[in-house]
Amino acid sequence: MVQLTVNGKPQTLDIDPDTPVLWAVREQLGLNGTKFGCGASLCGACTVHIDGEPVRSCVTPLSDAEGKEVTTIEGIAAPDGALHAVQEAWIKHQVPQCGYCQSGQIMSAVALLKDNADPSDADIDTAMAGNVCRCGMYTRIKAAIKTAAKEV
Amino acid sequence: MVTRVEKKAAKKAKRANESRGRKWTRRSFIGAGAVAGLAAGGALVVGIAIRPGDRTDKLAKFVTDGDEQLVTTWVKIAPDNTVTAIIPHGEMGQGIHTALSAMLAEEMEADWEAMEIMEAPAEKDFANFELGREFMMGGANIPGPLFDTVNGLMLKAAQSMDLQITGGSTSVRFTGVGAMLTAGAAAKELLLEAAAQQWDVPLSELRAEKSYIYHGEKKAPFAEFAVTAATLKPNLRPKLKARSDYKLLGQSLPRVDIPAKVDGTAKFGIDAQVDGMKYGTVMAAPVHGQSVAKMDAAEAKAMSGVHGVYNMGDYVAVVADGYWQAKQALDMVEVEWTSADTDNVSEETIFAQYAEALDNGEKTVLHKSGNVTKAMKEASSVYEAEYRVPYLAHACMEPMNATAWVRDGKCDLWAGTQNPLGTRMVTADTLGMDSENVTVHTAFMGGGFGRRATPDYTNQAVQVAKKAGVPVKLIWSREETTQQDHYRPSVLGRFKAGLDENGMPIAWESSFVHKMDPPEASAVFYDIPNVKAQYAESPTHVRLGPWRSVDHTQHGYFTESFIDELAVNAKMDGYEFRRKLLKDKPRHLKVLDTAAKMAGWGKALPAGQAQGISICESFMTIVAEVVTVDMSQGEPRVLHVACAADAGFAVNPDGFKAQMESGIIYGLTAALFGEITISDGAVEQSNFHDYTMVRMDNAPEIDVEIITSDARIGGAGEPGTPPISPAVTNAVFKATGKRIRELPLSRHDFGAAS
Ligand code: FES
Ligand code: FES
């Protein structure tokens, strides 16, 4: 039995505490926005926040999230549904192609901007290098992060 | 619609007919009937349905015309005046739902803002005949994924009925131009005619705008004329607008699929949700073609949450309560695979085999002009080079997956696929079912690039679901996705040029292994009077498949490297050398000049930096790229890519640019790092640590300039990829003096060069 908060809602999950957070949110909680890409902390598609810090949920056991606050892509818009500035910027720059990596990209970008309101190119490179976009939308991601930085 | 059984009989009959020499000609292939009708709920449905064998006198002219427009795409108007475009292509990020619906709206004068889009179901009525037509009747290109399907799955003729493929950069080129524009214009004409009748006014006084019909100040929604329009006969050849009159097309419309892709609600194949569903994962024979010799699953079966462990012949499957449990259990299954000669195949043996095929194998000539043998003899010198490229995996971000439910003689399949209708047919074959009982539910694809045109992963899902007796979501691990791909072929190519006294080529001969598609990939558009391009087959057990731009990836690299070598040999600037050989090709020249100008070709650069140029034509789009590399750190770092592209006309310019950016990064990953190697018969790479990707910290800046010409609309998804590898290696040569004749660059050591 693992107790945690997901997107503001308390949850109790009766599964093996070794189960990665990725599969718990997807299969137990039906939050499918978080994606499986590599299962080995190599691509960033599964990025969520635990207590505000970006983590790769595919290699983070549920037990690590015990008593903590997990935020997924479904939880970053305002309670009234207004999109996060990063999401708005993603639309403005028409960032997603296939879109599969984008939940992870957005979660990494949101975390970056929380710590660094005005990231340089090098800061963006460092913070985002763990997120692969096979569709290669890096120039748009970078531009969108800069746009969002002005809004956050 | 024919049933599965009838279909089998028909296939047999067709085979017999064909062997008697009955050719599948244009006349027998196409019959057409125009349809408009009222669907349930009072919606007007406009389409032009095509049935094979339905040849009426009335249509004879149409059928024999060399420039006919056939429409298989449907547009619906609901009573609330909502116009719905039904799109026969999957969305994998290429923005095709947006581009095609805009094409329909443009000609129909529908309100694009209020338009609805629906992906066509995997039904025969929505088979993409435009694609088939281009293929069967000598269109310019054979789309990549199609080739694979034709080879592997069905009889050519019967198969032409099952085309619903997204690939070969065909969606806008064929479906859009051939079907969407025409369907829109036909629908508009019907509605105007209906309004003329209902209002009793001359047709010429009416106009359509934003889903309304106007007569002076008077206006009424399209829907008001739907009933009358449905009784009229649509015009197969409506008048189409001139490009200069477009209002929507040529504008950068925001893509309709994007909002769902930023808030986590977009539904990909992997997000399918079915009541009572279990999760499965598989491990296939690491050496393709092998099968399970022995399996010990006792430990796996005893694990909690495990529903079943199955020996599936050439793969092992585990079904459990969750993916992670299934994967844990699969790792505990002990499998011994059968062995064969292929166990000894390696990188070295494969390339030795290729060399042998080029040395002594039988060759088929693909392109020939002039007299190469004679010209080589007369040449004042001869220049030769040999290049090689490795196998490449697609590495779609979304691992292969599909969800299936097989029960009561029926099958439902949920999957992201580039080929829904073909998948439906293959599924029916696999299950021995009537295809009527198979339903394919499509979803967004987390990348396709050609991989999702091959239905092996869907086939496993239906087989495992059948075994398990419950709905199963089957997900491949990243490792499985990397090792059980259908790879871009590894290729060895030999090039030889006969040169005049100034070093300009008068003869060009290329020999290479493998030919997939399209055949013009190995053609040369440069002004060289004597050309011969030939290939030898040299199959291995490694599975091959179409990979973004198909044969253009290897041939773009070969041709543009060799041309660059010839320029260096002639002591000429690579850009000027190409210009000379393109003097009669104004479109190519303009593209080349534009890219050179964008990048400031020839400008002074900091030490260690250099520029490389290349130009390729694929899927009717001409793309030139100028790359700036920095070698000062000892390994290539691509700083900037200037890309100029002429696709005739870009339907959605921002979307087109995004496709170029995407194609460039995809190709750059291949140029810098991409290689799948074979050892002991199996693929060595497994995940992103050893199948390396370009990431944010090594992605270049990219500028794209679109050139509009009066040419037919070309592709967007693939043509950005071929020029990037040679542009990079040409730049690396300039910076280091080291000519890269073998990709990827990571194989080469530049330690001392900088
Ligand atoms: S799925 Fe977690 S990092 Fe790739
Ligand atoms: S948008 Fe396709 S992987 Fe990033």
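The values are calculated or read from the model by the stated rules, or taken from the named source; none is laboratory data. Nothing here was measured: the structure is a model prediction, and the numbers come from that model. No Cβ is skipped: glycine too gets one built from the backbone with ideal geometry, and neighbour counts run over all protein chains shown. Heavy atoms of the whole protein, side chains included, go into the accessibility calculation; ligands, DNA and RNA do not. Shrake-Rupley method; radii C 1.70, N 1.55, O 1.52, S 1.80 Å.
Summary of computed values
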quantity	calculated
Segment A:33-46 residues that are at the interface with chain B (Cβ under 7 Å from one of its Cβ atoms) and under 21 Å from B:Thr265 (Cα atoms), paired with ones that are more than 6 Å from ligand 1 (Cβ to nearest atom) and of a type in the set (Asp, Glu) (beta carbon under 7 Å, 6 or more apart)	A:Gly33/A:Glu74
First in segment B:429-445 and among the aliphatic types (A, V, I, L, M), second anywhere and open to solvent by 50 Å² or more (accessible area, probe 1.4 Å), Cβ under 6 Å, 6 or more apart	B:Ala443/B:Lys267
Inter-residue pairs, beta-carbon under 9 Å, first without any contact (Cβ under 8 Å) to a residue 24 or more places away in the chain and of a type in the set (Phe, Trp, Tyr) and in segment A:126-144, second more than 9 Å from ligand 2 (Cβ to nearest atom) and part of a loop (DSSP other than H, G, I, E, B), 6+ apart	A:Tyr138/B:Val694; A:Tyr138/B:Arg695; A:Tyr138/B:Ala699; A:Tyr138/B:Pro700
All positions within segment A:135-152 that are within 11 Å of chain B (Cβ to nearest Cβ) and either under 13 Å from B:Ala699 (Cβ atoms) or among the β-branched types (Val, Ile, Thr) (or both)	A:Cys135, A:Gly136, A:Met137, A:Tyr138, A:Thr139, A:Arg140, A:Ile141, A:Lys142, A:Ala143, A:Ile145
Test for B:Val333: is it away from every other protein chain (no Cβ under 14 Å) and at negative phi	yes
Yes/no for A:Val55 being part of a helix (DSSP H, G or I), within 16 Å of ligand 1 (Cβ to nearest atom) and under 27 Å from B:Gln328 (Cβ atoms)	no
Search result, residues across segment A:106-117 that are more than 9 Å from chain B (Cβ to nearest Cβ) and away from ligand 1 (no atom under 12 Å from the Cβ)	A:Ala109, A:Val110, A:Ala111, A:Leu112, A:Leu113, A:Lys114, A:Asp115, A:Asn116, A:Ala117
Filtered residue count, segment B:223-273, keeping only those that are out of contact with any strand residue (DSSP E or B) (no Cβ under 6 Å at 6 or more places or on another chain), open to solvent by less than 30 Å² (accessible area, probe 1.4 Å), within 14 Å of chain A (Cβ to nearest Cβ) and away from ligand 2 (no atom under 16 Å from the Cβ)	1
Residues of segment B:509-554 satisfying the condition of being aliphatic (A, V, I, L, M), buried (at least 23 other Cβ atoms within 10 Å of the Cβ) and either outside the structural domain of B:Glu675 (by TED's automatic domain parsing) or farther than 20 Å from B:Gly720 by Cβ (or both)	B:Val513, B:Ala533
Residue in segment A:69-77 that is open to solvent by less than 10 Å² (accessible area, probe 1.4 Å), in contact (Cβ under 8 Å) with a residue 60 or more places away in the chain and at the interface with another protein chain (Cβ under 10 Å from one of its Cβ atoms) present	yes
Residue selected from segment A:118-152 under the condition within 16 Å of ligand 1 (Cβ to nearest atom) and open to solvent by less than 30 Å² (accessible area, probe 1.4 Å), by the criterion nearest to B:Gln659 (Cα to Cα)	A:Cys135
Residue match in segment A:7-14 (condition: more than 16 Å from ligand 2 (Cβ to nearest atom) and buried (at least 22 other Cβ atoms within 10 Å of the Cβ))	no
Yes/no for A:Pro96 being in contact with a helix residue (DSSP H, G or I) (Cβ under 6 Å, 6 or more places away or on another chain) and within 16 Å of ligand 2 (Cβ to nearest atom)	yes
Verdict on B:Val704 being open to solvent by less than 10 Å² (accessible area, probe 1.4 Å), modelled with pLDDT of 95 or more and outside any loop (DSSP other than H, G, I, E, B)	no
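Table: residues versus (1) within 18 Å of A:Thr126 (Cα to Cα); (2) within 11 Å of ligand 1 (Cβ to nearest atom); (3) at pLDDT 95 or above.
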{"site": "A:Leu22", "(1), (2), (3)": "no, yes, yes"}
{"site": "A:Val25", "(1), (2), (3)": "no, no, yes"}
{"site": "A:Gly33", "(1), (2), (3)": "no, no, yes"}
{"site": "A:Ser41", "(1), (2), (3)": "yes, yes, yes"}
{"site": "A:Gly44", "(1), (2), (3)": "yes, yes, yes"}
{"site": "A:Ile50", "(1), (2), (3)": "no, no, yes"}
